[in-house]
Amino acid sequence: MKLAFIGGGVMAESIIGGVLATGLTPPQDIGVGEPIAVRRDYLTQTHGIKAFAANADAIDGADLVILAVKPQALSEVLISVGDAMAETQTLASIVAGATMDTLLGGLNGQDAVIRIMPNTPAQIGAGMSVWTATGAVSQSMRDAVGDILRTLGDEVYVPDEKLIDMSTALSASGPAYVFLFIEALIDAGVYLGMARDMARRLALQTVLGSTQLVQETGKHPAELKDMVTSPGGTTIAALRVMESEGFRAAVLDGVIAAYNKSQELGKK
C-alpha cells in the first residue's frame, strides 16, 4: 500500500517508523508533504522516504492519505488536500478535534474518510489508537489501517464517532495524567529524603509493574489494591489521605473536562 502523509511531525514519523519496521510498506512507497525544508531532509535521510514541499506531490499515487497537521492548520490544508485527492483515495486524519463532518465538509466530494485518535506512547510502539470510518471505506482498507495502527501498539475500532471524543479524553490525553502522577511520586520520594534518580527508578517500575499486573492477572484494579492494603497499615493511611484530598474525584473531573473540551473543539 502506498502512503502519503500531510505533515511530517512526531506522530507521522511514528507511523512511518512502524510500517517500515514491520515491512507493511517499503520506503519508496511513502511520501510526506512537509513545508519545512530541514524536516524534509531529516525524514528522507533517516527513513529513505520521499518528502515534498507541495502536498499534491505527496498525495499523487497514494492509496491512503494521512492528515497529521496541527488543528489550527486544518482548514487551509483540507483545501489543498481536497483539490489533489482522487475519488479512489482514502483520507485518514489524526488531527485532534477534527470531526467527520469537518473532514468531509473540507473535501471535494471524497467520502472515504477515517478518523484516528492515537496517543504519544505510539512513538515507542506502546500506543493506544481508537478509530472509526465512514461506510465508503472498503473492508480491505479497514484491514490495512488496523495493521498500520497495530505497529504503534493496540487499536480499537468503534462504530460510533462519539467514542472518539471520549477516547481523546481518556487515552489520548491520558499519558499526561500518568506523567503527572509519576512526577508526584518522584517528588514525594525526594521530599522524604531519597535521591531523585532513585525515586525516579522506583516510581517508574512501580507504575510499569502495576500496569502489567492488571493486564496479566485480569483482576479488577480495586481487587489488586485491596491485596496491597493491610489493616491498619501504611497503604491504607496513604489511601485515606488521597481520598480525603479528592484524588479520585480530581481524575474523574479532569477526564470529563477533557471530553467537554474535545467536543468544543469539534464544533469550531
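The values are calculated or read from the model by the stated rules, or taken from the named source; none is laboratory data. As the structure is a computational prediction, the values presented were derived from the model and not from experiment. As a convention, Cβ positions derive from the backbone with ideal geometry for all residues, glycine included, and neighbour counts pool all protein chains shown. For the accessible areas, the whole protein counts, side chains as well, though only heavy atoms, and no ligand, DNA or RNA atoms are used. Shrake-Rupley method; radii C 1.70, N 1.55, O 1.52, S 1.80 Å.
The local environment of Gly8, defined by Cβ-Cβ distances under 10 Å, has a net charge of 0 under the rule Lys, Arg +1 and Asp, Glu -1.
Here the 3J(HN,Hα) profile of segment 100-113, calculated from phi with Karplus coefficients 6.51, -1.76 and 1.60 at θ = phi - 60°, is 4, 4, 5, 5, 5, x, x, 9, 9, x, 5, 10, 8, 10 Hz, Gly and Pro shown as x.
Think of each Lys and Arg Cβ as +1 and each Asp and Glu Cβ as -1; about the Cα centre, that makes the dipole of the chain roughly 600 debye. Counting only residues at least eight positions apart within a chain, or on another chain, the lysines with an alpha carbon under 27 Å from that of Lys50 are Lys2, Lys70. Beta-bridge orientation, segment 94-174: approximately 45 percent antiparallel, per DSSP, counting only bridges with both partners inside. For Gly153, the residues 5 or more places off, or on other chains, whose built amide H falls under 5 Å of its own are Gly127. Less than 5 angstrom separates the built amide H of Val32 from those of Phe5, Lys50, Ala51, Phe52, all sequence-distant by 5 or more or on a different chain. Taking Cα centre as origin and charging only the Cβ of basic (Lys, Arg, +1) and acidic (Asp, Glu, -1) residues, the dipole magnitude of segment 68-186 rounds to 180 debye. For segment 33-93, the solvent-accessible area works out to 52 Å² per residue, with a probe of 1.4 Å and every protein chain left in place. Of all DSSP beta bridges in the chain, what percent run antiparallel (nearest 5)? So the antiparallel bridges in the chain amount to around 15 percent. Comparing Met198, Gln28, Val255 along the charge dipole axis of the chain, the residue lying farthest to the positive side is Met198, per the Cβ-charge model. Taking every Cα-Cα distance in the chain and sorting them into 5 Å bins starting at zero, the pair-distance distribution P(r) comes out as 1, 5, 11, 15, 16, 14, 11, 9, 7, 6, 4, 2, 0, 0 percent.
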